[in-house]
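Taken together, the values in this text are just the output of simple stated rules run on the coordinates, not laboratory data. Quantities reported herein were computed from a predicted structural model and do not represent experimental measurements. Positions of Cβ are generated from backbone atoms using ideal geometry, with glycine treated the same way; all protein chains shown enter the neighbour counts.
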């Protein structure tokens, strides 16, 4: 792999460095110029992700943007405005297609899946990277963030990517990201269940699906949980020892 090939691959994975091949990462480590470029590129992408991570998709946004595309722009900007509108429309429409939540869900479930999707698609960067669940839990405890005390045993054996602090339905919450087989991931959301609407049953996972996501929700002690993945239902249930 040469520098340009490595650069193209690293450019596509700045917010998800675990997706870059070992060859590309090794090239960056041995090439100071490439390493400096990667550092600057990552910083830029993370700043953009920070700006977008709390941006809600308001109802009717796509329709409003497309309607604006037909308005007559000022002469001095007639070549710029349609381009910007088209880009914004693509962004809004694309996120609408990827948005896994819906009005039939409890608010905390919908917001949890939206946050998970932002992490999965690189719109929201992780706060801390760590390869093991124990390392993640240590960080969460020190940061006084929601930290799971009891989980399906299979999760403890999985490699982790790290964690993210978020707000879910007005509650402080944490997302922990796990690596599954075949390049898939599972994302665990944990939050305090005090005054949580439609709190799930204790220690009894309820399996559901939304668009191309499969997820399980349950509660244990003072916490509510969602474990979500784009892998199939069998892979999800396997984490609970049900397959």
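Please report 124, 105 as a ranked list, fewest other C-beta atoms within 10 angstrom at the top and most at the bottom.
Details: 124 23, 105 17.
Ascending Cβ contact count within 10 Å gives the list 105, 124.
If R₀ is 41 angstrom, what is the calculated FRET efficiency for the pair residue 159 and residue 104, using the beta carbon separation as r and rounding to 0.05?
On the way: r = 34 Å, r/R0 = 0.82.
Approximately 0.75, to the nearest 0.05.
Taking label points 7 Å from Cα along the Cα-to-Cβ direction, residue 4 and residue 150 give a separation of 5.8 nm. Working from label points 7 Å from Cα in the Cα-to-Cβ sense, the residue 179 to residue 33 distance is 3.1 nm.
A simple spin-label model places pseudo-atoms 7 Å from Cα toward Cβ; at residue 206 and residue 243 they are separated by 2.2 nm. A Förster distance of 30 Å, applied to the separation of the beta-carbon atoms of residue 12 and residue 141, puts the FRET efficiency at 0.30.
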